[in-house]
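Just below is one structure, and these are the notes that go with it.
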């Protein structure tokens, strides 16, 4: 029985991949290989159909002809929404990526599911329950169980290898992306520190230039003070004493004026 369900899982996953690829290719007007794995399967379709088949065969009233169509629709609607949301959440947490996003579709929940798509899956579920599942189950009697067991083992090995390769490749890709993100953050932090330190460096440079200007001013006064008379020295010291403290550009201008004043006083002597 398990072998039979696993073969059905692979079959429905393949049919889901065919449907997804055809639909998305027609929508995007180019070939779109849909699916999480490398192989031509969409496990979410196989899981949902097998779970639906098991559920309806477990309870007799569900498989009864009297069970209403709207009841089948509601079960498929809710089941598809739960499966789609759960699969999207797991894939995003594991690989930090989304294989579908309904953010631009009305009535969506976190972009993982939306009412229009869930309605479509609910309607498709009615067709699957009414026609596809009975057709596949009708073929079981014509296929010996040993065939299912051989197919199940073969498909299990192929599916397992495909899953392992997909996991390895996506994990390697995820590491590369994380490494790129880390390098970007390091470079961004270095540039941020340069921008933050720039005003401090400018301020320090201004302070150094101001100190150099004041030093030149003192040297200028000392150089020409020896050439002045006593009264001229008092005048010059008075100018220096009452010179207001100003910013660097004005200080430089003031120094030039004092240099000219000292020169004039020297000439008068």
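The values are calculated or read from the model by the stated rules, or taken from the named source; none is laboratory data. A quick note: this is a predicted structure, and the numbers were derived from the prediction, not measured. For neighbour counting, all protein chains shown are included, and Cβ atoms are generated from backbone atoms with ideal geometry for every residue, glycine included.
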Exactly one of these conditions fails for residue 63: (1) surrounded by 14 or more Cβ atoms within 10 Å (Cβ to Cβ); (2) modelled with pLDDT of 85 or more; (3) under 21 Å from residue 135 (Cβ atoms). Give me its number.
(2)
For the stretch 47-59, does any single residue satisfy the condition of being crowded, with 18+ Cβ neighbours inside 10 Å and under 23 Å from the mean Cα position of the chain (by Cα)?
no
Residue 48 fails exactly one of the following numbered conditions: (1) at pLDDT below 90; (2) closer than 25 Å to residue 138 by Cβ. What is the number of that condition?
(1)
Selection status of residue 159, surrounded by 13 or more Cβ atoms within 10 Å (Cβ to Cβ), part of a helix (DSSP H, G or I), within 38 Å of the chain's Cα centre (by Cα) and modelled with pLDDT under 90:
yes
For the stretch 28-40, indicate whether the set of residues that are in a helix (DSSP H, G or I), closer than 24 Å to residue 126 by Cβ and assigned by TED's automatic domain parsing to the domain that holds residue 75 is non-empty.
no
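Matching residues to (1) modelled with pLDDT of 70 or more; (2) touching a helix residue (DSSP H, G or I) at 6+ places or on another chain (Cβ under 9 Å):
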| site | (1), (2) |
| --- | --- |
| 140 | yes, yes |
| 155 | yes, yes |
| 173 | no, yes |
| 189 | yes, no |
Apart from one, (1) in the same structural domain as residue 45 (by TED's automatic domain parsing); (2) touching a helix residue (DSSP H, G or I) at 6+ places or on another chain (Cβ under 8 Å); (3) surrounded by 15 or more Cβ atoms within 10 Å (Cβ to Cβ); (4) farther than 25 Å from residue 62 by Cα all hold for residue 109; the odd one out is (3)
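A quick yes/no check of all residues on (1) assigned by TED's automatic domain parsing to the domain that holds residue 85; (2) touching a strand residue (DSSP E or B) at 6+ places or on another chain (Cβ under 6 Å); (3) in contact (Cβ under 8 Å) with a residue 40 or more places away in the chain; (4) farther than 21 Å from residue 14 by Cβ:
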residue	(1), (2), (3), (4)
45	yes, no, no, no
52	yes, no, yes, no
58	yes, no, no, yes
67	yes, no, no, yes
73	yes, no, yes, yes
Given the criteria farther than 21 Å from residue 40 by Cα, in contact with a strand residue (DSSP E or B) (Cβ under 8 Å, 6 or more places away or on another chain) and either at pLDDT below 90 or crowded, with 16+ Cβ neighbours inside 10 Å (or both), does residue 81 qualify?
yes
